[in-house]
Structures are given as structure tokens and as C-alpha cells.
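Chemist: One structure, pasted below without further comment.
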Amino acid sequence: MSAQSASELLQQQHRDIDFGIQGAMDGSSDQVELLRSLDLLRAHLHLEETVLFPALEGSVGLSIMVMEREHGLMWPLMESLAAACRGGASLESMEGDLDELFGLLQVHNPKEEQILYGVADEHAGLADALAAARLPEGWTCKAVQGRRV
Ligand SMILES: [Fe+2]
Ligand SMILES: [Fe+2]
């Protein structure tokens, strides 16, 4: 049995991602910390799209479509910020993308927590499946996969 419930694990990730992005926005952290949060966001989107959403599809399919579309809006911002971090760009130069990504998360995350995470805990085995999942190299979110086809 996993120590955390599915909703606890996913909500903790929301808080950790927010914290890292806020730190970059207010200058209290650095590019290494920001990159760690962006990597966590990537892993979080993977968990949602490959483990959580398929388990909930029957009950809240329409909400899942909206969430996946919003992941598609976050993805290019996440990619360009990660590239900027790796390239040694200043946090000031990332301000616009950071604001935009943080704004998207503040609209997206509460909806997920209210609509999807509540039902997630009713699914036996989901917490363990989330804990066991690993992000494959080169994985992209569904909305972006769709754009490339
Ligand atoms: Fe999400
Ligand atoms: Fe989420």
C-alpha cells in the first residue's frame, strides 16, 4: 500500500510546483530549483494523463478533455522555461513565461482538485499505480502529441 492517497500525492505535487515557480518569480530561488519544479510538472502531467485520467474516464470524461487541453497550453511554456534554465538565462528574462504558466496553474489546479482528485480516492489501487509510474524519455502530453500528428 502506498503511504499517501492518490489525491494527497497529486495535491502535494501541485503545491511543490507552485512553490518552485513562485520562488523563481520573486527571485528567492534559482534556475536549478526552477528546473526541478518544471521536471516535476512534466512528471505530474504524465501521471495524470497516463494513470489518473484513464482510471476516471467513465465518470468525468468531459472534464478530462478540458484538463488535457489546458496541459497543452502549459507544455510550450514549460519547455521554453526549461530550455532557458539549461541555457543559463536570467530569471528576469523568464518573467513573462513564468507569469503565464503560474496563471494557467492557478486556474487549472483547483478544478482538478475539486472535480477529479476527489473521485480518485474511490479507485482502489490508484495510489500505488501513481507511485509506481515512471516518466518515459521524450514523453509529451496528449494535446501536443495530437499537434504533431
Ligand atoms: Fe493537470
Ligand atoms: Fe494536476
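Chemist: Taking a ≥ b ≥ c as the square roots of the eigenvalues of the Cα gyration tensor of region 1-127, is the shape rounded (a/c under 1.5), prolate (a/b larger than b/c) or oblate?
Modeler: Since a/c reaches 1.5 and a/b is larger than b/c, the shape of region 1-127 is classed as prolate.
Chemist: Another question, if that's okay. If we count every other residue with Cβ under 14 angstrom of Q31's Cβ, Lys/Arg +1 and Asp/Glu -1, where does the sum land?
Modeler: -4
Chemist: Can you list the GluC sites (Glu not before Pro) in region 69-125 that are in a DSSP coil and have 15 or fewer other beta carbons within 10 angstrom?
Modeler: The qualifying sites are E122.
Each value in this text was obtained by applying a stated rule to the coordinates, not by laboratory testing. Everything numeric here is computed off the predicted structure, so don't read it as measured data. For neighbour counting, all protein chains shown are included, and Cβ atoms are generated from backbone atoms with ideal geometry for every residue, glycine included.
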